[in-house]
1. Which whole-number value in Å³ per residue fits the convex hull of the alpha carbons of region 2-96?
2. Checking the table Lys93/Lys199; Lys134/Lys240; Lys59/Lys237; Lys93/Lys213 against a 32 Å threshold on Cα-Cα, which pairs fail?
3. Between rounded, prolate and oblate, where does region 101-248 land on the alpha carbon gyration tensor, with a ≥ b ≥ c its root eigenvalues, rounded for a/c under 1.5, else prolate if a/b exceeds b/c?
4. When Leu109, Leu19, Leu80, Leu160 are ordered from fewest to most other Cβ atoms inside 10 Å of their Cβ, what list results?
5. By how many nm would the segment from Glu138 to Lys249 grow when fully extended, if each residue of separation counts as 0.36 nm and the alpha-carbon distance is taken off?
6. Could I have the simple spin-label model distance between Thr217 and Glu29, label points 7 Å from Cα toward Cβ, reported in nm to one decimal?
7. Mind checking region 21-109 for trypsin sites (Lys or Arg not before Pro) that DSSP puts in a loop (not H, G, I, E or B) and that have at most 12 other Cβ atoms within 10 Å?
8. Quick one: which residues, 5+ away or cross-chain, put their amide H under 5 Å from the amide H of Ser182? H built at 1.01 Å from N.
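Each reported figure results from applying straightforward, stated rules to the coordinates on display, with no laboratory input. Treat the numbers as computed from the prediction; the structure is a model and nothing was measured. Reconstructed Cβ throughout: ideal geometry from the backbone, glycine too, with neighbour counts over all protein chains shown.
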Amino acid sequence: MATESTMEHSIPLDILDDLSSRFIINVPEEERKDLIRICFQIELAHWFYLDFYCTEENKHLKTCGMKDFAAHTFNHIPFLRVHFKNLTEILDKWREYKQSVPTYGAIVLNEDMSQVLLVQSYWSRSSWGFPKGKVNEEEDPSHCAVREVLEETGFDINKLIDHNEFIESVINEQTVRLYIVSGVQSDTKFEPRTRNEIKSVEWFSVADLPSSKKDATPRAKFGVGPNAFFMVVPFIKRLKRWIFEKQQKRAQNSRGHRHKSVGDVDFNQPKNKRQQFASAIQAEMQEFEALRQQHQKQGTTSPPRNILRKQEGNNRGSGHKPNFKRQLFTGQAAVSSTEEEKQRINRHQLHTTANTALTNQVHGITTNNANSHKNEFHFSAPSWLGFKFDRKAIMACLDY
C-alpha cells in the first residue's frame, strides 16, 4: 500500500534530496537509531514540503498526507530503507508517543465574551478547533500557547494571557490545556503564519457551539453536524460557566461604581457625619450655656416647674393669667410675691422660648406673633438644618 501511494504521489528526487539534507541526514548518528525521533524530523520535512514546494507556481506537485510522505522518505534514505517494511508499525508507535506529549493553546474571546475564535485545519476541512499545538522540549506551557496562537492566527496574545486562567482536559490520553484570553477586538484581522496548515480563522457564537455530540444547534446555525466541533465539545460547558462567573463579577463591580456616583458621600462618611453631628450639638450647648450665663447676670431667670405650676394655680384662682411670653426679654417683672420667684419664672420662660424657636426653625414654621420682633435671640441647629437622606445606603438596601 505504501508503494502504491508512493507511485501515486510521486515527489521529484531533487526535492527529496533537499528535504533529507535539511531535516534528516544531519541528525546525529546516535539519534538515528531512535525511529520515533526520526518521525518527528520527517513531520517537519512534510510541513516544509507543503509550505514551500506545493505552491500555486508548482501545480504539478501534489500534496500528500504524513503516511505517504513518510513512505517516500523511508524509500529514499538508505539507513531508513531497511525499516520500510515496518513503516506502519513505526508510525503507530510515533502517533502513540505524540499523544503523550501535552498540547497547549488558547480560547480567544472577543470584548463581551460572546464570540470565540476557532481555526479550521488545512487537512481536516470539515472540523474546527481552538488554536493549539504540542509543546517543545523544556518549553513553558504558556509560552507554547502564545507561540501556537501566533503561528495559527497571526495574533499575539502575549500581553493578554493570564497563566492562572485555563481549562484543561485529557482527550485520547493526551493532556490539552487552553488558556482563556478575552478582550480581543472583533474586527481584528487574522493571518496564519504557517502555510497549508490553517485553512480558515473565524469567530463563532459561544451560545451556538455544541456542548455534547447530540447537540443539533450547529446543524441549524452553521449547516454542519456537532462532529465538526469534536475538539471543541469537551471545553464548552466549562467555558460557558467561566464566562458567566466573569460577567457576574463585572455586574457587581458596575453596581458598586454606580452606587458610589449616586450617593452624596462615600461609604466611610456616615462616621464623619456622626462626628460632625456631635460637634454641632456640642457647639450649640456651649452657645446656649454662654447665653444663659449672660442673662443670669442681667437678672432674667426663670422658675423651676414646681414654682411655675404653683403660680399658674394661683392665677387660675384669681381669674388672671399672666402672659409670660409677652413679658420675655422686656425687663418687666412677673406677678410674684417675691423677687426670687420673679427670677425663676423668667429663667424658665427663656429656656422654653429658646426650645420653641429651635423647633420652629427646623420644621420651617413662621411665627406671626405681633411681639415676636421683641425676641432678640434666635436659635438654630446646624445638625438638623443640614439633614438629608443617605441615598447611597438606601440604594444598597434596594439592590440586596
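1. 89
2. The pairs that break the limit, which is 32 Å between Cα atoms, are Lys59/Lys237.
3. rounded
4. With the sparsest Cβ surroundings first, the list reads Leu160, Leu80, Leu109, Leu19.
5. 36.3 nm
6. 6.1
7. Details: sites: Arg22, Arg32, Lys33, Arg37, Lys59, Lys62, Lys67, Arg81, Lys85, Lys93, Arg95, Lys98; in loops: Arg32, Lys33, Lys59, Lys62.
When the trypsin sites (Lys or Arg not before Pro) of region 21-109 are filtered for loop state and at most 12 Cβ neighbours within 10 Å, Lys33, Lys59, Lys62 remain.
8. Hits under the 5 Å cutoff: Leu109.
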